[in-house]
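The values are calculated or read from the model by the stated rules, or taken from the named source; none is laboratory data. Quick caveat: nothing in here was measured; it's all calculated off a predicted structure. Cβ: placed from backbone, ideal geometry, glycine included. Neighbour counts: every protein chain shown. The accessibility values were calculated without ligands, DNA or RNA, using every heavy atom of the protein model including side chains. Shrake-Rupley method; radii C 1.70, N 1.55, O 1.52, S 1.80 Å.
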Amino acid sequence: MLDDMDRRLLRYWQAEPSLSPGELAERCGMTPGKAARRIAKMEDDGIVQGVSAVVNWAALGYAVEVSLRVTLDKTQSNAFDAFLAEARQVPEVIEVQTFLGRVDVRLSIIARDMAHYQQIYRSRILTLPHIADIEALMQVARIKSEQTLPI
(Lines give C-alpha, C1' and ligand atoms only; values in the text may rest on other atoms or scores of the structure.)
Protein backbone atom coordinates (compact mmCIF):
# COMPACT_ATOMS: atom_id res chain seq x y z
CA MET A 1 0.00 0.00 0.00
CA LEU A 2 1.09 3.58 0.57
CA ASP A 3 4.00 4.62 2.73
CA ASP A 4 4.41 8.01 4.42
CA MET A 5 6.16 9.53 1.39
CA ASP A 6 3.36 8.44 -0.97
CA ARG A 7 0.81 9.96 1.41
CA ARG A 8 2.81 13.19 1.55
CA LEU A 9 2.90 13.35 -2.26
CA LEU A 10 -0.86 12.79 -2.43
CA ARG A 11 -1.57 15.43 0.23
CA TYR A 12 0.37 18.09 -1.69
CA TRP A 13 -1.01 16.98 -5.05
CA GLN A 14 -4.63 17.00 -3.82
CA ALA A 15 -4.12 20.49 -2.38
CA GLU A 16 -2.57 21.77 -5.64
CA PRO A 17 -3.18 19.46 -8.63
CA SER A 18 -1.29 21.80 -10.96
CA LEU A 19 2.05 21.06 -9.26
CA SER A 20 4.59 19.35 -11.49
CA PRO A 21 6.43 16.23 -10.31
CA GLY A 22 9.47 18.46 -9.74
CA GLU A 23 7.51 20.88 -7.54
CA LEU A 24 5.95 17.98 -5.65
CA ALA A 25 9.39 16.45 -5.15
CA GLU A 26 10.76 19.71 -3.77
CA ARG A 27 7.90 20.05 -1.27
CA CYS A 28 8.27 16.42 -0.19
CA GLY A 29 12.06 16.51 0.10
CA MET A 30 12.86 13.97 -2.62
CA THR A 31 14.35 13.96 -6.10
CA PRO A 32 12.09 14.70 -9.10
CA GLY A 33 12.83 11.24 -10.55
CA LYS A 34 11.78 9.50 -7.35
CA ALA A 35 8.58 11.58 -7.16
CA ALA A 36 7.77 10.82 -10.82
CA ARG A 37 8.31 7.06 -10.25
CA ARG A 38 6.09 7.08 -7.17
CA ILE A 39 3.37 8.99 -9.01
CA ALA A 40 3.60 6.59 -11.97
CA LYS A 41 3.32 3.60 -9.62
CA MET A 42 0.24 5.09 -7.91
CA GLU A 43 -1.31 5.63 -11.36
CA ASP A 44 -0.44 2.07 -12.43
CA ASP A 45 -1.92 0.71 -9.19
CA GLY A 46 -5.15 2.65 -9.79
CA ILE A 47 -4.73 4.84 -6.72
CA VAL A 48 -4.49 7.96 -8.86
CA GLN A 49 -6.99 7.72 -11.69
CA GLY A 50 -6.24 11.03 -13.36
CA VAL A 51 -6.09 14.76 -12.91
CA SER A 52 -9.08 16.78 -14.07
CA ALA A 53 -10.29 20.33 -14.42
CA VAL A 54 -13.18 21.43 -12.22
CA VAL A 55 -15.69 23.33 -14.34
CA ASN A 56 -17.95 25.98 -12.85
CA TRP A 57 -21.20 25.07 -14.64
CA ALA A 58 -22.90 28.29 -13.53
CA ALA A 59 -20.18 30.36 -15.23
CA LEU A 60 -21.09 28.57 -18.47
CA GLY A 61 -24.77 29.43 -18.11
CA TYR A 62 -26.03 26.30 -16.31
CA ALA A 63 -27.88 27.80 -13.35
CA VAL A 64 -30.06 24.81 -12.39
CA GLU A 65 -28.94 21.52 -10.86
CA VAL A 66 -31.46 18.85 -10.02
CA SER A 67 -30.93 15.53 -8.30
CA LEU A 68 -33.38 12.85 -9.41
CA ARG A 69 -33.93 9.82 -7.20
CA VAL A 70 -35.18 7.00 -9.39
CA THR A 71 -36.75 3.70 -8.40
CA LEU A 72 -36.72 1.16 -11.20
CA ASP A 73 -39.24 -1.52 -12.14
CA LYS A 74 -37.12 -4.49 -11.12
CA THR A 75 -39.58 -7.02 -12.47
CA GLN A 76 -37.59 -6.74 -15.70
CA SER A 77 -34.30 -8.63 -15.51
CA ASN A 78 -32.39 -6.05 -17.53
CA ALA A 79 -33.91 -2.95 -15.89
CA PHE A 80 -30.67 -1.63 -14.38
CA ASP A 81 -28.52 -2.22 -17.45
CA ALA A 82 -31.04 -0.76 -19.89
CA PHE A 83 -31.73 2.29 -17.72
CA LEU A 84 -28.05 3.01 -17.06
CA ALA A 85 -27.06 2.59 -20.70
CA GLU A 86 -29.64 5.15 -21.82
CA ALA A 87 -29.09 7.55 -18.90
CA ARG A 88 -25.39 7.76 -19.83
CA GLN A 89 -26.43 9.08 -23.25
CA VAL A 90 -28.18 12.18 -21.85
CA PRO A 91 -25.56 14.97 -22.10
CA GLU A 92 -27.05 16.99 -19.22
CA VAL A 93 -26.72 14.03 -16.83
CA ILE A 94 -23.40 14.80 -15.16
CA GLU A 95 -23.44 12.05 -12.54
CA VAL A 96 -25.08 8.64 -12.12
CA GLN A 97 -24.99 6.73 -8.84
CA THR A 98 -26.59 3.41 -7.95
CA PHE A 99 -27.85 2.45 -4.48
CA LEU A 100 -29.19 -0.41 -2.43
CA GLY A 101 -32.52 0.35 -0.81
CA ARG A 102 -35.73 2.07 -1.86
CA VAL A 103 -33.96 4.37 -4.33
CA ASP A 104 -32.06 2.54 -7.06
CA VAL A 105 -30.36 5.34 -8.98
CA ARG A 106 -29.55 9.01 -8.50
CA LEU A 107 -29.02 11.26 -11.50
CA SER A 108 -27.50 14.74 -11.29
CA ILE A 109 -28.77 16.95 -14.07
CA ILE A 110 -27.68 20.44 -15.08
CA ALA A 111 -29.76 22.88 -17.11
CA ARG A 112 -29.54 26.50 -18.18
CA ASP A 113 -32.84 27.42 -16.52
CA MET A 114 -36.13 25.85 -15.40
CA ALA A 115 -37.56 25.82 -18.92
CA HIS A 116 -34.50 23.95 -20.16
CA TYR A 117 -34.76 21.53 -17.22
CA GLN A 118 -38.44 20.85 -18.04
CA GLN A 119 -37.47 20.14 -21.65
CA ILE A 120 -34.75 17.69 -20.56
CA TYR A 121 -37.05 16.07 -17.98
CA ARG A 122 -39.95 15.54 -20.38
CA SER A 123 -38.04 14.58 -23.51
CA ARG A 124 -35.00 12.75 -22.16
CA ILE A 125 -35.58 11.60 -18.56
CA LEU A 126 -39.18 10.42 -18.61
CA THR A 127 -38.43 8.40 -21.74
CA LEU A 128 -35.74 6.35 -19.96
CA PRO A 129 -36.77 2.71 -19.61
CA HIS A 130 -38.06 0.90 -16.51
CA ILE A 131 -38.81 3.91 -14.28
CA ALA A 132 -41.27 2.97 -11.52
CA ASP A 133 -40.95 6.17 -9.47
CA ILE A 134 -38.99 9.39 -9.69
CA GLU A 135 -38.44 12.21 -7.20
CA ALA A 136 -36.78 15.51 -8.04
CA LEU A 137 -34.70 17.47 -5.55
CA MET A 138 -33.78 20.99 -6.66
CA GLN A 139 -30.36 22.08 -5.47
CA VAL A 140 -30.48 25.38 -3.62
CA ALA A 141 -26.82 25.66 -2.61
CA ARG A 142 -23.69 23.54 -2.61
CA ILE A 143 -22.31 23.80 0.91
CA LYS A 144 -19.41 21.37 0.56
CA SER A 145 -18.03 19.55 -2.42
CA GLU A 146 -14.79 17.79 -1.61
CA GLN A 147 -12.78 15.38 -3.71
CA THR A 148 -9.73 15.21 -1.44
CA LEU A 149 -9.17 12.54 1.17
CA PRO A 150 -7.62 13.11 4.60
CA ILE A 151 -4.42 11.20 3.87
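About the Cα centre of segment 57-138, how large is the charge dipole given +1 on each Lys and Arg Cβ and -1 on each Asp and Glu Cβ? Please answer in debye to the nearest 20.
Magnitude of the dipole: close to 40 debye.
Accessible area per residue of the chain at 1.4 Å probe, in Å²?
Heavy-atom accessible area per residue stands at 67 Å².
Starting from the Cα gyration tensor of segment 57-138, multiply each eigenvalue by 5, take the square root, and state the resulting semi-axes largest first in whole Å.
Over the Cα atoms of segment 57-138, the ellipsoid semi-axes are 23, 12, 11 Å.
Considering only protein heavy atoms and a 1.4 Å probe, what is the carbon-and-sulfur percentage of the accessible area of the chain?
Details: 5140 of 10040 Å².
Ligands and nucleic acids excluded, carbon and sulfur give 51 percent.
Please provide three numbers in whole Å: the alpha-carbon extents of segment 4-44 along the principal axes, with the largest listed first.
Sorted largest first, the three principal extents are 21, 19, 18 Å.
Among all the aspartates and glutamates, which ones have a C-alpha under 20 Å from LYS74's C-alpha, if same-chain residues fewer than 8 places away are not counted?
The qualifying aspartates and glutamates are GLU86, ASP104, ASP133, GLU135.
Cβ under 12 Å from ASP45's Cβ, ASP45 left aside: what net charge do those residues give with Lys, Arg +1 and Asp, Glu -1? Before the final figure, lay out each step's value.
Numbers: positive: ARG38, LYS41; negative: ASP6, GLU43, ASP44.
Once positives and negatives cancel, what remains is -1.
Given +1 on the Cβ of Lys and Arg, -1 on the Cβ of Asp and Glu, and no further charges, what dipole in debye does segment 4-44 carry about its Cα centre, rounded to the nearest 20?
Computed about the Cα centre, the dipole is about 140 debye.
In a shell of Cβ-Cβ distance under 14 Å around LEU107, excluding LEU107 itself, what net charge do Lys and Arg (+1) and Asp and Glu (-1) give?
-3
Please report Rg over Rh for the chain, where both radii come from the alpha carbon positions and Rh follows the Kirkwood definition.
When Rh is taken as the Kirkwood radius, the ratio is 1.11.
Nothing charged except the Cβ atoms of Lys and Arg (+1) and of Asp and Glu (-1): what's the magnitude of the dipole of segment 25-104 about its Cα centre? Round to the nearest 20 debye. Walk me through the intermediate numbers first.
Details: 9 positive and 11 negative charges, 89 e Å.
Computed about the Cα centre, the dipole is about 420 debye.
So what is the relative contact order of segment 10-151, in percent, for Cα pairs below 8 Å that sit 6 or more residues apart?
On the way: 166 pairs, mean separation 38.4, N = 142.
This gives 27 percent for segment 10-151.
Mind ranking 139-147, 27-35, 5-13 by how tightly packed they are, going by the mean number of other C-beta atoms within 10 angstrom, highest first?
5-13, 27-35, 139-147
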